[in-house]
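First up is the structure itself, then whatever we jot down about it.
The values are calculated or read from the model by the stated rules, or taken from the named source; none is laboratory data. Remember, predicted model here, so these are calculated numbers, not experimental data. Methodologically, a virtual Cβ is constructed for each residue, glycine included, from the backbone with ideal geometry; neighbour enumeration extends over all protein chains shown. Note: areas computed on protein heavy atoms with side chains; ligands, DNA, RNA excluded. Shrake-Rupley method; radii C 1.70, N 1.55, O 1.52, S 1.80 Å.
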Amino acid sequence: MQWLRRNLVVIAGLVTLAYLILPNVVVTVFSFNNPTGRFNYAWQEFSLDAWKDPCGVADLCDSLALSLQIALWATLGATVLGAMIAFALVRYRFRARGAVNSLIFMPMAMPEIVMAASLLALFLNMGIQLGFWTILIAHIMFCLSFVVAAVKARVLSMDPQLEEAARDLYAGPAQTFLRVTLPIAAPGIAAGALLSFALSFDDFIITNFNSGNTVTFPMFVWGSAQRGTPVQINVIGTAMFVLAVLVVLVGQTVGARRKKAQPE
Amino acid sequence: MTDKTEGGDVRLAGISKHYGTFTAVHPLDLTIPQGSFFALLGASGCGKTTTLRMIAGLEEPSTGTVGLGDRDVTHLPPYKRPVNTVFQSYALFPHMDIYENVAFGLRRRGITSVKKQVDEMLELVQLGQFARRKPHQLSGGQQQRVAVARALINHPQVLLLDEPLGALDLKLRRQMQLELKRIQTEVGITFVHVTHDQEEAMTMADTVAVMNAGRVEQLGAPAELYENPRTTFVANFLGTSNLIQASVESVGGAGGDVDVSASGAKLRLPVARCSTTPRAGGQLLVGVRPEKISVVPADEEHTIGAGRNKVTGRIVDSSFIGVSTQYVVDSAVCPELEVYVQNIERDGRLVPGAEVVLHWNPEHTFGLDAAQSMLAGTTAVAGAEQLVEESA
Amino acid sequence: MSATAAPPQAAAPAEPPAHKPSARKRLVPYWLLLPGILWLLVFFVLPMAYQASTSVQTGSLEEGFQVTWHFRTYWDALTEYYPQFLRSLLYAGTATALCLLLGYPLAYLIAFRAGRWRNLLLILVIAPFFTSFLIRTLAWKTILADGGPVVAALNTVGFLDVTSWLGLTEGDRVLATPLAVVCGLTYNFLPFMILPLYTSLERIDTRLHEAAQDLYARPATVFRKVTFPLSMPGVVAGTLLTFIPASGDYVNAELLGSADTRMIGNVIQSQYLRILDYPTAAALSFILMAVVLVMVTIYIRRAGTEDLV
């Protein structure tokens, strides 16, 4: 009883964790399914067919490639534009700061569907063809704020005396930025970029409004929920999950080793 | 908390603390008398803070018991112990104002009308007008006083202070030392104070326990520790000591003196001031404090009275401190003898290079067991400083 | 520098003509801001204006839409779709509360009790993100399938009796009921609750817990008086990050719900993409935006953490 009381929070936390992980387990298990109908919702029998032929469904891998492509470009665009804004906000005093801050915050404080709908209104009114470019424009727009937030947090926590020290040690403005400011801000920029990539790659609502006939991976999954869900979706979902966890784990082990190798 | 058990000493019986294979505190017996101002003194990592936390209940001892008066409180959680702590970082609740911080303990014990007590306590620490400020709006010294007030308002049987003055600058620290001493005398509560600053310990406490590597090296009143250190660690950690390796020539009879020789110099000291039993033919570490030594130019040796310990040498360095001048003297018995001379009449001949004779009253000499390192306390200090530098 | 020389020297830089910062230097922040801000102005602010104008247009797809300042659209949209509005706010609110309830213990566990498991647990919280949320949401169709083990278990313990009495489920079904939609919303936005909670919990100095215990606070009181108040920034950020997207979501209602669980997002989506009644869709999305902004503003004021933004 005493033990239960002391570990209540641990038990509750693990229950939540199970709730979070359960769908991934199901996705993984059902990637080995061989369903009878068009939908992969009920277990039939074990099969490796889908794993042997992940691109065996029409348009699936095309949509995946398109999503990756858009995510890369959106990340690049949002990271460059966002980091510039973040530096300006933290390192300079200028008049419109308050207004800029609010403008950056607004996209994060708005339901995605509102932005999605209004962008569509713009594109329709201007007669712009929906497709790759409209998706990219939209993704850069909503990723921008997250990059600004991530980079700003990092640069804010940086000791301004470091830059003063660099200038004192004969580094010009460009040198100071390249050799001191940028390396220190790098983790923030990387975090912002990673977030952008994940947000863009997985985005559905804004893309659904502004894609026209172009099919990204989430759009493909959405469509298949109506037409029939191929097992290959689960294969790709599982592969991405495993790949991501592996990358993080390897990164952590390498980081830990490096720390051990050169004690502070 | 309950007035019935009010009073009583803090009794630590065989308490120790291990973290895995590392022993932070070796089995320790310690009785802290009620109403005393007790200091645990030692370098960082010596186990003093762990000991304090075991008294507070924030750390459970691996072995042994903690007693308050007649009560065994070893397994009592901190919130049930009539003990309060002033934390090193003050640990003021950042989301509450000063008033609510101070009232916190009273409210937890179900006292609803706290205003009078809180106001009084804030007056005691002279922070009445800051009651509605948040901790971060106060200076370090003010925060420190809030931390003291927050603990004291509960009238604990014991107040624990974990390096409470460490974050303050020197001048403020001196002021707070006197302030804390005044408060302790006023309220009469047992104070247990952890510090690495030997001056602070000696200024404030009436009993000091010097800790080293998880053990108590020596315990006593500040003057007693200073004048009669029992180990080289204490001799070096509390102030400065000149330690001379010497061999025992003869040991006098009842109440007699010990005669020793070191590199040709004949020295004498009372048997009573030896921490070991000296044996003729054996070794002894002879110690003398720098301020006990007088220094005269070599050609005035005849002016020195009979029966004093004498050592010849050459001044290698002198620094002017203000109230005194500190000389480093190279002599046959010890290459770096330290001598402090009050600046009453400064002798212009005492400059680096001058040949001098040092002399002092044999009564001011103490003897230590020669089987220990002469550098014990000094390396500990150097080690601690190195740690601080590395972490910075 | 001598003390007597200091005053005139100190006064010198205050005189601008002598030492005017070059125009180039003063313009640096604006050059840094320009591309990004322009992007937001053109693709975020301008669209809002277009949407505003669309919302007061009348016409049809065939004849084209004209701005006629037809504000009645707002009124019509509201009277027709207020059930979906209320449902959205109710579902999103419930999901947010559930996220807080479920997420807090896990965030607390990771911040204070996990020890060397901390990193692994954090990875497990973030990792699901890497599988498309649509795939994971579809997985709930399997988990909550009629006659499946989860539904059977919930039925056995009488949970479904309670929820169907509350009108959240119907009979032995969970899928296509409000419960399924709320469950999906909670699941989808849970990490957005846990991460800010964890960040603010992790920042709390554990010595404050010790200090509170030292001052006679029992563990439960330590939580109520110290831990929870200090985690408020995380609670506020987490609830906002959960409530805002949940209120506009239509994926969960579409995949896990039925015609009776349509949220306002579903209405806007079908008005825009299927029915092509642009003015009504624009009006609805403006109303949603206004409602969310008002609620969020009131909430932030109440929570007293305005410096969060």
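Of the helices (runs of 4 or more DSSP H) lying entirely inside the stretch B:134-238, those containing at least 3 residues that are open to solvent by less than 20 Å² (accessible area, probe 1.4 Å) are B:140-152, B:170-187, B:198-204, B:232-237. Looking at the stretch B:263-320, the strands (runs of 3 or more DSSP E) lying wholly inside it that each contain 1 or more residues that are open to solvent by 70 Å² or more (accessible area, probe 1.4 Å) sit at B:265-270, B:283-288, B:309-320. Would a scan of the stretch B:112-123 turn up a residue that is open to solvent by 60 Å² or more (accessible area, probe 1.4 Å), without any contact (Cβ under 8 Å) to a residue 12 or more places away in the chain, not β-branched (Val, Ile, Thr) and not in a helix (DSSP H, G or I)? Yes, the conditions are met somewhere in the stretch B:112-123.
Residues of the stretch B:55-77 that are more than 9 Å from every other protein chain (Cβ to nearest Cβ) and in a helix (DSSP H, G or I): B:ILE55 alone. Considering (1) among the polar types (S, T, N, Q); (2) buried (at least 20 other Cβ atoms within 10 Å of the Cβ); (3) closer than 30 Å to B:TYR79 by Cβ; (4) more than 14 Å from chain C (Cβ to nearest Cβ), the lone condition that B:SER241 does not fulfil carries the number (3). Among the residues of the stretch B:186-202, are any under 28 Å from B:THR21 (Cβ atoms) and either in contact with a Gly (Cβ under 6 Å, 6 or more places away or on another chain) or not assigned by TED's automatic domain parsing to the domain that holds B:MET121 (or both)? No, there is no match, as no residue in the stretch B:186-202 is under 28 Å from B:THR21 (Cβ atoms) and either in contact with a Gly (Cβ under 6 Å, 6 or more places away or on another chain) or not assigned by TED's automatic domain parsing to the domain that holds B:MET121 (or both). Does A:LEU81 fit the bill of being closer than 13 Å to C:PHE44 by Cβ, open to solvent by 10 Å² or more (accessible area, probe 1.4 Å) and either within 7 Å of another protein chain (Cβ to nearest Cβ) or free of Cβ contacts under 8 Å to residues at least 24 places away in the same chain (or both)? Taking the combined requirement at face value, the residue satisfies it. Within the bounds of the stretch B:327-350, is there any residue that is among the hydrophobic types (A, V, I, L, M, F, W, C), under 23 Å from B:GLU249 (Cβ atoms), open to solvent by 40 Å² or more (accessible area, probe 1.4 Å) and under 29 Å from the mean Cα position of the chain (by Cα)? Checking the stretch B:327-350: not a single residue is among the hydrophobic types (A, V, I, L, M, F, W, C), under 23 Å from B:GLU249 (Cβ atoms), open to solvent by 40 Å² or more (accessible area, probe 1.4 Å) and under 29 Å from the mean Cα position of the chain (by Cα). One residue is enough: does the stretch C:202-217 have a residue meeting the conditions within 11 Å of chain A (Cβ to nearest Cβ), at pLDDT below 95 and open to solvent by 10 Å² or more (accessible area, probe 1.4 Å)? No, every residue in the stretch C:202-217 fails to be within 11 Å of chain A (Cβ to nearest Cβ), at pLDDT below 95 and open to solvent by 10 Å² or more (accessible area, probe 1.4 Å). Restricting attention to the stretch B:78-93 and to residues that are out of contact with any strand residue (DSSP E or B) (no Cβ under 8 Å at 6 or more places or on another chain) and more than 7 Å from chain C (Cβ to nearest Cβ), the residue that is farthest from B:GLY57 (Cα to Cα) turns out to be B:LEU92.
Selection of first residues in the stretch A:154-177 that are open to solvent by less than 30 Å² (accessible area, probe 1.4 Å) and of second residues that are hydroxyl-bearing (Ser, Thr, Tyr) and modelled with pLDDT of 80 or more, restricted to Cβ pairs under 9 Å at least 6 apart or on distinct chains, gives the following pairs, ordered by first then second residue: A:VAL155/A:THR181; A:MET158/A:THR181; A:GLU163/A:THR176; A:GLU163/A:THR181; A:ALA166/A:THR176; A:ALA166/A:THR181. Which is of a type in the set (Val, Ile, Thr) and touching a residue at least 60 places away in the same chain (Cβ under 8 Å), of C:ILE123, C:ILE135, C:ILE194? Answer to the check: C:ILE194. Going residue by residue through the stretch C:129-152, is there one that turns out to be open to solvent by 30 Å² or more (accessible area, probe 1.4 Å), within 13 Å of chain A (Cβ to nearest Cβ) and within 30 Å of C:THR227 (Cα to Cα)? Yes - at least one qualifying residue is present in the stretch C:129-152. What residue, among those in the stretch A:223-238 that are touching a residue at least 24 places away in the same chain (Cβ under 8 Å) and of a type in the set (A, V, I, L, M, F, W, C), is surrounded by the most Cβ atoms within 10 Å (Cβ to Cβ)? Ranking the qualifying residues of the stretch A:223-238, first place goes to A:ILE233. Only one entry in C:ARG24, C:ARG87 is in a helix (DSSP H, G or I), on the phi < 0 side of the Ramachandran plot and open to solvent by 70 Å² or more (accessible area, probe 1.4 Å), namely C:ARG24. The set of residues in the stretch A:195-222 being more than 10 Å from every other protein chain (Cβ to nearest Cβ), open to solvent by 10 Å² or more (accessible area, probe 1.4 Å) and not hydrophobic (A, V, I, L, M, F, W, C) consists of A:GLY212, A:ASN213, A:THR214. Would you point out which residue out of B:GLN88, B:GLN126 is under 29 Å from the mean Cα position of the chain (by Cα), modelled with pLDDT under 90 and exposed (fewer than 15 other Cβ atoms within 10 Å of the Cβ)? That would be B:GLN126, the only listed residue that is under 29 Å from the mean Cα position of the chain (by Cα), modelled with pLDDT under 90 and exposed (fewer than 15 other Cβ atoms within 10 Å of the Cβ). Total residues in the stretch C:248-262 satisfying the condition of being at the interface with another protein chain (Cβ under 10 Å from one of its Cβ atoms) and either without any contact (Cβ under 8 Å) to a residue 40 or more places away in the chain or of a type outside the set (Asp, Glu) (or both): the figure is 5. Quick one: in the stretch C:280-304, of everything that is modelled with pLDDT under 90, open to solvent by less than 50 Å² (accessible area, probe 1.4 Å) and within 11 Å of another protein chain (Cβ to nearest Cβ), which residue is farthest from C:LEU179 (Cα to Cα)? Ranking the qualifying residues of the stretch C:280-304, first place goes to C:ILE300. The condition of being surrounded by fewer than 18 Cβ atoms within 10 Å (Cβ to Cβ) and under 26 Å from the mean Cα position of the chain (by Cα) holds for only one of C:SER247, C:SER270, that being C:SER270. Taking the stretch A:116-129 only, how many residues are more than 7 Å from chain C (Cβ to nearest Cβ), open to solvent by less than 70 Å² (accessible area, probe 1.4 Å) and assigned to a helix (DSSP H, G or I)? The total comes to 2.
In the stretch A:34-64, which residue that is acidic (Asp, Glu) and touching a helix residue (DSSP H, G or I) at 6+ places or on another chain (Cβ under 8 Å) is nearest to the other protein chains (Cβ to nearest Cβ)? So, considering only residues that are acidic (Asp, Glu) and touching a helix residue (DSSP H, G or I) at 6+ places or on another chain (Cβ under 8 Å), the one nearest to the other protein chains (Cβ to nearest Cβ) is A:ASP59. Of everything in the stretch A:134-144 that is more than 8 Å from chain C (Cβ to nearest Cβ) and under 17 Å from C:LEU38 (Cα atoms), the residue that is surrounded by the fewest Cβ atoms within 10 Å (Cβ to Cβ) is A:LEU136. The residues of the stretch C:94-120 that are farther than 19 Å from C:GLY184 by Cβ, in contact (Cβ under 8 Å) with a residue 60 or more places away in the chain and at the interface with chain A (Cβ under 7 Å from one of its Cβ atoms) amount to a single one, C:TYR108.
Taken over the stretch A:1-33, the criterion of being facing chain C (nearest Cβ under 7 Å) and open to solvent by 30 Å² or more (accessible area, probe 1.4 Å) is satisfied by A:VAL9, A:VAL10, A:ALA12, A:TYR19, A:ILE21, A:LEU22.
Among the residues making up the stretch A:94-114, those that are more than 7 Å from every other protein chain (Cβ to nearest Cβ) and in contact (Cβ under 8 Å) with a residue 40 or more places away in the chain are A:ILE104, A:MET108.
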